[in-house]
1. Could you put A:Asp55, A:Asp49, B:Asp74 in order of accessible surface area, largest first, with the 1.4 Å probe and the full protein assembly present?
2. Can you sort A:Thr69, B:Thr31 by 1.4 Å-probe accessible area, starting with the largest?
3. Loop-only check: which chymotrypsin sites (Phe, Trp or Tyr not before Pro) in region B:73-115 are DSSP coil with at most 15 other Cβ within 10 angstrom?
4. Going by accessible area, probe 1.4 Å, with all protein chains left in place, what is the ranking of B:Val54, A:Val62, largest first?
5. Dipole size in debye (nearest 20) for chain A around its Cα centre, Lys and Arg Cβ +1, Asp and Glu Cβ -1?
6. Please identify every one of the trypsin sites (Lys or Arg not before Pro) in region B:74-107 that sits in a loop by DSSP and has no more than 13 other beta carbons within 10 Å of its own beta carbon.
7. Taking only protein heavy atoms into account and a 1.4 Å probe, give the accessible area per residue of the protein assembly as shown in Å².
8. If you take the charge dipole of the protein assembly as shown about its Cα centre, with +1 on Lys and Arg Cβ and -1 on Asp and Glu Cβ, which of A:Asn53, B:Ile13, B:Ser94 is farthest toward its positive end?
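The values are calculated or read from the model by the stated rules, or taken from the named source; none is laboratory data. The shown structure was predicted, so the numbers you read here are calculated from the model rather than taken from an experiment. Because the Cβ atoms are built from the backbone with ideal geometry, glycine has one as well, and the counts that use them run over all protein chains shown. Each accessible area value is taken on the protein alone, full model and side chains, heavy atoms only, with ligands, DNA and RNA left out. Shrake-Rupley method; radii C 1.70, N 1.55, O 1.52, S 1.80 Å.
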Amino acid sequence: GESVGLHLPTLSVQEGDNSIINCAYSNSASDYFIWYKQESGKGPQFIIDIRSNMDKRQGQRVTVLLNKTVKHLSLQIAATQPGDSAVYFCAEEYGQNFVFGPGTRLSVLP
Amino acid sequence: EAGVAQSPRYKIIEKRQSVAFWCNPISGHATLYWYQQILGQGPKLLIQFQNNGVVDDSQLPKDRFSAERLKGVDSTLKIQPAKLEDSAVYLCASSLDRGLWNEQFFGPGTRLTVL
């Protein structure tokens, strides 16, 4: 299930299940979005991106969905594995740089 | 290919002291970024360099923070004097060039604790 922790929302899923991580963005004019994965003690790592002229993009085991009407992004991870445990951030274009969302912690249960 | 290197990995100082962080970007990357990541939040851009010039420092608290990239390669971020609210992870990232389509590669960060 999904719960709000002291600092970060946390999503707990069973190994092998699909995960869906959500993100609301603020700027309706944003044209480009990125999902990052941040493991403990490491910097963020690029996972997948999407431009505003698309509503879906697929990668290896990951899919990003973009709903511009409600300014919402989601990251779907298929067959979640222990190595997927991390904090996931969405980032939206802002001028020539990006603004990162607050992040969601994904916890994969054995 | 070597990634972005940062040092030190951890630093503990008392408030009002000074501290400096070092970053070595990926070889050949013209653009370098410094981010501040407070616990439980996403990274926030502090400053962006293109070679040895500053592109964006609009969110850098210039009364206490400074950064340089004198030869267009390594960079140093300094805080003087530090405040309690500066406790955070300071991330360095680099990209081949400017522009949103150039992937940013992040270093492991320096965790700063101000007591």
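1. Ranked from most to least accessible, the order is A:Asp55, B:Asp74, A:Asp49.
2. On the way: A:Thr69 130, B:Thr31 0 Å².
Listed by decreasing accessible area, they come as A:Thr69, B:Thr31.
3. Working: sites: B:Tyr90, B:Trp101, B:Phe105, B:Phe106; in loops: B:Trp101.
Of the chymotrypsin sites (Phe, Trp or Tyr not before Pro), the ones in loops of region B:73-115 whose Cβ has at most 15 other Cβ atoms within 10 Å are B:Trp101.
4. Details: B:Val54 75, A:Val62 20 Å².
If we order B:Val54, A:Val62 from most to least accessible, we get B:Val54, A:Val62.
5. Values: 9 positive and 10 negative charges, 26 e Å.
My answer is approximately 120 debye.
6. B:Lys83
7. Details: 11470 Å² over 225 residues.
Per-residue value: 51 Å².
8. Of the candidates, B:Ile13 comes out farthest on the positive side.
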